[in-house]
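Below: one structure, written as structure tokens.
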Amino acid sequence: MKRMLEKGRLSTKQLSVLVIFSVIGESLLVIPSSVAEEAKQDAWISGLIGMTAGLLIAWMIFRIGQTYGPKTLIEHNRALLGRWAGGTVSVLYLLYFLINISALIREIGDFITTQFLPETPLRAVHLIIVILIIWAVKSGLETLARAGEVFFPLFAVLLISMFVFLLPQFHSDRLQPMLGQGIPSILRGSLFIFAFPFCELIVLLMIFPYVAHNPKLQKDYMLAVLFGGLTICLLILISILVLGPNLSAYHSYASYAIAQKISIGHFVERLEALLAVNWIVSTYYKISLFYYGLILGSAQLFNLRDYRQLTVPTGMIVFGLAFIISPNIVYFNAKVSYWVIIDILFALLIPALLFFIGLTRRKKRLKRPASAEK
Amino acid sequence: MWGTFAVLFVAVSVGMIELPPLFRKRWYKEAVVHIAALLAGTVLSIIAIRLIALPSPLNIIVTVFKPINDWLFPK
């Protein structure tokens, strides 16, 4: 008996919008600083290397999703590894989703309370975000994707106009000396770009089964990933051009700092709030996707008949964890490099292992006579 | 103190709204998972609302991956 927990279907366009949002995600604000700290003025080279590797892993995630067919990651784990081993892998993935959601919410909370509303308690910001993601996931996947389509044009126009308004501030000499930091630090910087935007696309394995079939799906998906990746690279390049490598590494919100520098004829100024809105929108979609993956995954793990009743209690767990996850912003920022490692572990190593286990199983099944198949 | 009461109030009202339909449909497994998540959520939310300092769960990740992290990102 096959129960379908999710009845909605995404169109190719809706999936592309969600992919762009989750690639840009929280990276829009925080990534230039991490990369510039490792690679200094060569951060943009790191960006290109990371994007190339990222396109590869995004393609890999898509192909893996195609081999799963109508199964999500959690269902596939059970079918491949059996109840206990598959359940263990699934629980690890759900914990990864949970800790990622908490960290992303904490990032929004930290940003708003340090830059915008210093008098507001962190928990008030967390509460609003948690209510919003509960609302989104309770309304279903299709609603979330349609709301994404509504927000997307505004998001794109604001982001592009920010890039254009910054043109007068570019100082190309900030890119010198090229390759001054050596190849290892460039590669180290590219790991951040590989991990945060692209490896976290692994959550799409929970969504691919609900995307309507379309021959152009792969092309549009890859284009969406490419647009997201180019935005990230451009952002890093601009933050080096405008702020220079040292200031980019020094500001933990480098894009916010460059948006503050926009000044067109002393008239168009103080556009940083627009950037903050953009960032909150894209991070919100990323959180919602992860939250959707977590809720749907737990429902499938426990074989439940509906996932909607889990949204509010899990929201309370997320609300608590977003506070507990770090005692303060300094601790949180010092642990950024650990996210790179767990992202690569969950998006590259474990899926590759599962894929090879699947290959050996299939070979065994082919060797056996057909009568054993029943 | 009021924070704790607020969280308990929210938890009880969520349970009162969402649990009866599950029992009516005899979805006992769903109800059990719901109650477990609600209890965990209540405890964690009370910790958050009362600002009780706990060691971060990130410390587990840090302990496990410290050798790889130090190899990848030497200071």
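If we keep just the residues of the range B:22-40 that are part of a helix (DSSP H, G or I), facing chain A (nearest Cβ under 7 Å) and without any contact (Cβ under 8 Å) to a residue 12 or more places away in the chain, which is farthest from A:Thr120 (Cα to Cα)? Write out each step before concluding.
Of the range B:22-40, the ones part of a helix (DSSP H, G or I) are B:22-24, B:28-40.
Filter once more, keeping what is facing chain A (nearest Cβ under 7 Å): B:22, B:29-30, B:33-34, B:37-38, B:40.
Still in the list and also without any contact (Cβ under 8 Å) to a residue 12 or more places away in the chain: B:29-30, B:33, B:37, B:40.
Working: B:Lys29: 40, B:Glu30: 37, B:Val33: 34, B:Ala37: 28, B:Ala40: 26 Å.
Of everything passing the filter in the range B:22-40, B:Lys29 is farthest from A:Thr120 (Cα to Cα).
Hey, among the residues in the range A:330-339 that are within 21 Å of the chain's Cα centre (by Cα) and not small (Gly, Ala, Ser), which one's farthest from the other protein chains (Cβ to nearest Cβ)?
Looking only at the range A:330-339, we keep the residues that are within 21 Å of the chain's Cα centre (by Cα), and these are A:332-339.
Adding the requirement that they be not small (Gly, Ala, Ser) leaves A:332-333, A:335-336, A:338-339.
Numbers: A:Phe332: 8, A:Asn333: 12, A:Lys335: 6, A:Val336: 9, A:Tyr338: 5, A:Trp339: 9 Å.
For the range A:330-339, the residue satisfying everything is A:Asn333.
Give just the number: which of (1) of a type in the set (A, V, I, L, M, F, W, C); (2) surrounded by fewer than 16 Cβ atoms within 10 Å (Cβ to Cβ); (3) more than 8 Å from chain A (Cβ to nearest Cβ) does B:Val43 not satisfy?
All conditions pass for B:Val43, except number (3).
Of the residues A:Ile324, A:Ile258, A:Ile344, which single one is out of contact with any strand residue (DSSP E or B) (no Cβ under 6 Å at 6 or more places or on another chain) and surrounded by fewer than 19 Cβ atoms within 10 Å (Cβ to Cβ)?
Values: A:Ile324 fails: surrounded by fewer than 19 Cβ atoms within 10 Å (Cβ to Cβ); A:Ile258 fails: surrounded by fewer than 19 Cβ atoms within 10 Å (Cβ to Cβ).
After ruling out the rest, the residue left standing is A:Ile344.
So, in the range A:10-34, exactly how many residues are in a loop (DSSP other than H, G, I, E, B) and within 21 Å of A:Ala273 (Cα to Cα)? Step through it out loud before you land on a result.
If we filter the range A:10-34 for residues that are in a loop (DSSP other than H, G, I, E, B), which is where we start, we get A:11, A:25-26.
The next check asks that each one be within 21 Å of A:Ala273 (Cα to Cα); those that pass are A:25-26.
Qualifying residue count, the range A:10-34: 2.
Checking B:Leu51 against (1) in a helix (DSSP H, G or I); (2) on the phi > 0 side of the Ramachandran plot: exactly one of these is not met. Which one?
Condition not satisfied by B:Leu51: (1).
Are any residues in the range B:54-71 facing chain A (nearest Cβ under 7 Å) and either outside any helix (DSSP H, G or I) or farther than 16 Å from A:Arg106 by Cα (or both), and if so, which ones?
Restricting attention to the range B:54-71, the residues satisfying the condition of being facing chain A (nearest Cβ under 7 Å) are B:54, B:56-58, B:61-62, B:65, B:68-69.
The answer is B:Leu54, B:Ser56, B:Pro57, B:Ile61, B:Val62, B:Phe65, B:Ile68, B:Asn69.
Which one of A:Ser11, A:Ser22 is surrounded by fewer than 24 Cβ atoms within 10 Å (Cβ to Cβ) and away from every other protein chain (no Cβ under 14 Å)? Walk me through how you get there before you give the answer.
On the way: A:Ser22 fails: surrounded by fewer than 24 Cβ atoms within 10 Å (Cβ to Cβ).
Among A:Ser11, A:Ser22, only A:Ser11 is surrounded by fewer than 24 Cβ atoms within 10 Å (Cβ to Cβ) and away from every other protein chain (no Cβ under 14 Å).
Look at the range A:277-317 and say how many of its residues are more than 8 Å from chain B (Cβ to nearest Cβ) and in a helix (DSSP H, G or I). So that I can check it myself, show each step before the final result.
First, the residues of the range A:277-317 that are more than 8 Å from chain B (Cβ to nearest Cβ): A:277-297, A:299-301, A:307-308, A:311.
This time we only want the ones that are in a helix (DSSP H, G or I), so: A:277-297, A:299-301, A:308, A:311.
Summing the residues that are more than 8 Å from chain B (Cβ to nearest Cβ) and in a helix (DSSP H, G or I) in the range A:277-317 gives 26.
Name the residue that is nearest to the other protein chains (Cβ to nearest Cβ), counting only residues in the range A:318-329 that are under 17 Å from A:Ile129 (Cβ atoms) and out of contact with any His (no Cβ under 8 Å at 6 or more places or on another chain).
The initial filter retains those residues of the range A:318-329 that are under 17 Å from A:Ile129 (Cβ atoms), namely A:318-326, A:329.
Now restrict to residues that are out of contact with any His (no Cβ under 8 Å at 6 or more places or on another chain): A:318, A:320-321, A:324-326, A:329.
On the way: A:Val318: 8, A:Gly320: 2, A:Leu321: 6, A:Ile324: 5, A:Ile325: 6, A:Ser326: 5, A:Ile329: 12 Å.
The extreme case among them is A:Gly320.
From (1) touching a Phe, Trp or Tyr at 6+ places or on another chain (Cβ under 8 Å); (2) modelled with pLDDT under 90; (3) closer than 30 Å to A:Ser337 by Cα; (4) aliphatic (A, V, I, L, M), pick out the condition that doesn't hold for A:Ala39.
(1)
If I go through the range A:211-230 residue by residue, how many of them are assigned to a helix (DSSP H, G or I) and out of contact with any Pro (no Cβ under 9 Å at 6 or more places or on another chain)?
Here is the first cut: in the range A:211-230, the ones assigned to a helix (DSSP H, G or I) are A:217-230.
Checking which are out of contact with any Pro (no Cβ under 9 Å at 6 or more places or on another chain) leaves us with A:217-224, A:226-227, A:230.
Within the range A:211-230, residues that are assigned to a helix (DSSP H, G or I) and out of contact with any Pro (no Cβ under 9 Å at 6 or more places or on another chain) number 11.
The values are calculated or read from the model by the stated rules, or taken from the named source; none is laboratory data. All of these numbers come straight from a predicted model, not from anything done at the bench. When we count neighbours, we look across all protein chains shown, and the Cβ atoms used for this are built from the backbone with ideal geometry, even at glycine.
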